[in-house]
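Asker: Before anything else, here's the structure in question.
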């Protein structure tokens, strides 16, 4: 007897095939333009020949990872004493309305090193080493994985593996290290890179004479189970499990001059050890040192002696987090003392900032009165500690209150070193030293943020945040309401629309993103969810 397949079986089979069929690859392929790289070489050669004089002081740029304004004692948090970090602010300038160019790590770092909005060269989103393979993965992620506050995005196309491997800072971009190197500086990156691990976008290809640290977003501070170290996992943080799993494998390993090595010392201490060694070796010539600490980014690992300082804290997660910040501050103190001991403090500009606000989703911090945290465009995600000190050149105790942005680091450093800016590209950072004694002008009329459909603008006292996909718009007067608790959108729609038009004019000159986002991050606002692309 002839058998017939029931229509329901046909539909079920078709559905299964639809769900497990691989998602199509993006049509675009990452292919770094050789002409652009040639033009970059020619520009750097021209800068090297330029005879514009400069002071050529040493530059120590201390960059921390996910350190919020509420994580240090300078702002009066009372949880962790950070006298050495606070001392940088008190010995120079503190920028009380300092922003980062992105509330996530890698685009923020791309902006700091290039002085440019990362969207200008397609670095709009965080890099990801894996994307959804098919629609079944999306449904499984959405309905069966406890990932709050992260939600998967529906993706029609995904990058090819060869494109994923190439993700990073485009080789045609010019970093501050390359500018300074062209002017005779010796340069070093010690710590976190997170701007690519392919041969074409490792730090050794971007002007750093010496490199020590790791290439990706995170690593273990020490191998798990190291005696004398408290390992604290965060069960309620969806991202934490992957960091412990990644360990020190691949780009999460430790590298010296872009070659893998073994390291047994706690990484916060090791970054200081390597930094001090570099300073000692180069004390008689101008140097640029980017000390890129990964503290207090997860995973949480701190020496027991620091954890014991916070025995009064009942939450074990916060206890280790606070210990990591205290350890970080002590190490920064060692760096600063080295400059003093070598009698080069007065010839060294010291800059301190964080790459974005505190990661409140890890349950380690809350960014104090500021709304939101890392990943969001609220003040808790974008506003960061930012201090500059230069003994004998900058008057101690200045509090600068106009909005600035981390890209200003690039232009400020270039100016003091006598480096002409690359003439073939827009440089968005400003030389902040020009504004110290002139309150009549401000560095930026507008500040912009964009990740896909998630957009924001700061203009004067006002800040608008909106998501074009979910048709949500928020408007705050952040000068009067830095906690962003009073949404003024309903009564100021014309102002909101004008700010959006200003943003649209800016975004019309941007490059297409080099890779897509994979998740939504959501934050509760007035009893409704607000979404950010990542």
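Readers should treat all values here as calculations from the given coordinates under stated rules, not as data from a laboratory. Quick caveat, the model's predicted, so the values are computed rather than measured. Ideal geometry is used to build each Cβ from the backbone, glycine not excepted, and the neighbour counts take in all protein chains shown.
Asker: Which value does Rg/Rh take for segment 55-132 over its C-alpha atoms, Rh per Kirkwood?
Answerer: 1.05
Asker: Next question. Ranked highest first by the average count of other Cβ atoms within 10 Å around their residues, in what order do 290-298, 520-528 fall?
Answerer: Per-residue mean Cβ counts within 10 Å order the peptides as 290-298, 520-528.
Asker: Could you tell me what fraction of 2.2 N^0.38 Å the Cα radius of gyration of segment 106-191 comes to, as a two-decimal ratio?
Answerer: Relative to the 2.2 N^0.38 Å estimate, segment 106-191 comes out at 1.48.
Asker: Rounded to the nearest angstrom and ordered from largest down, what semi-axes does the equivalent ellipsoid of segment 353-415 get from its C-alpha gyration tensor (root of 5λ)?
Answerer: The three semi-axes for segment 353-415 are 27, 13, 10 Å.
Asker: With a Förster radius of 45 Å, plug the Cβ-Cβ distance of residue 244 and residue 283 into 1/(1 + (r/R0)^6) and report the FRET value to the nearest 0.05.
Answerer: Result of the calculation: an efficiency of 0.70.
Asker: For segment 322-394, restrict the atom set to alpha-carbon positions and state the Rg and Dmax in Å.
Answerer: Just the Cα atoms of segment 322-394 yield Rg and Dmax of 15.5, 43 Å.
Asker: I've got another one for you. For segment 125-248, I need the span (max minus min coordinate) of the C-alpha atoms along each principal axis, in Å, sorted largest to smallest.
Answerer: Cα extents, longest axis first: 56, 46, 22 Å.
Asker: How would you rank 258, 419, going from fewest to most other Cβ atoms within 10 Å of each one's own Cβ?
Answerer: 258, 419
Asker: 222 nm [θ] for the chain, helices only, -39500 (n - 2.57) per DSSP H run of 4+, per residue, to 500?
Answerer: Value at 222 nm, helices only, nearest 500: -8500 deg cm²/dmol.
Asker: Taking the Cα centre of each part, how many Å lie between segment 390-411 and segment 9-69?
Answerer: With segment 390-411 and segment 9-69 each reduced to a Cα centre, they are spaced 28 Å.
Asker: So how far apart, in nm, are the two label points at residue 15 and residue 129 if each is 7 Å from Cα heading toward Cβ?
Answerer: About 3.6 nm separates the two model spin labels.
Asker: Using only the alpha-carbon atoms, how far is helix 34-49 inclined from the longest principal axis of the chain? Give it as 0 to 90 degrees, nearest 10.
Answerer: The two axes meet at around 10 degrees.
Asker: Per Stokes-Einstein, at 4 °C and 1.567 mPa s, what whole-number D in µm² s⁻¹ belongs to segment 126-173, with the Kirkwood radius over Cα pairs as the hydrodynamic radius?
Answerer: 103
Asker: Calculate how steeply helix 267-281 sits against the longest principal axis of the alpha-carbon atoms of the chain, using the helix alpha-carbon long axis, and give the answer as 0 to 90 degrees to the nearest 10.
Answerer: 40
Asker: Here is a further query. Where the centre of each part is set by its Cα atoms, how far does segment 141-207 sit from segment 76-128, in angstrom?
Answerer: Centre-to-centre (Cα) distance: 17 Å.
Asker: Specify the angular offset, from 0 to 90 degrees and rounded to the nearest 10, of the alpha carbon long axis of helix 7-20 from the longest principal axis of the alpha carbons in the chain.
Answerer: 10
Asker: Something else now. Please report, for the Cα atoms of segment 386-534, the Rg to one decimal and the Dmax as a whole number; what are they, in angstrom?
Answerer: 17.9, 52
Asker: Take the Cα atoms of segment 229-287, find their three principal axes, and give me the spread along each one in whole Å, biggest first.
Answerer: Computed over the Cα atoms, the extents are 49, 23, 20 Å.
Asker: Sticking with this one: Would you mind checking the radius of gyration and Dmax of segment 282-404 based on alpha-carbon positions, in Å?
Answerer: Looking at segment 282-404, its Cα Rg and Dmax stand at 16.9, 49 Å.
Asker: Let me ask another. Sort 161-173, 103-115 by the packing proxy (mean of other Cβ within 10 Å over each peptide's residues), most packed first.
Answerer: 103-115, 161-173
Asker: Find the relative contact order for the chain and round it to a whole percent, using C-alpha pairs within less than 8 Å whose residues are 6+ positions apart.
Answerer: Value for the chain: 24 percent.
Asker: Taking only Cα atoms of the chain, what ratio of Rg to Rh do you get with Rh as the Kirkwood inverse-distance radius?
Answerer: The Rg/Rh ratio comes out at 0.98.
Asker: Something else now. Give the separation of the Cα centroids, segment 359-373 to segment 254-286, in Å.
Answerer: Comparing the Cα centres of segment 359-373 and segment 254-286, I get a distance of 31 Å.
Asker: Here's a follow-up. Relative contact order of segment 377-478: what whole-number percent is it, with Cα pairs under 8 angstrom and at least 6 residues apart?
Answerer: Reported as a whole number, the value is 18 percent.
Asker: Hull surface divided by four, with the convex hull built on the Cα atoms of segment 193-248: how many nm²?
Answerer: Averaging across all directions leaves 5.0 nm² for the Cα convex hull.
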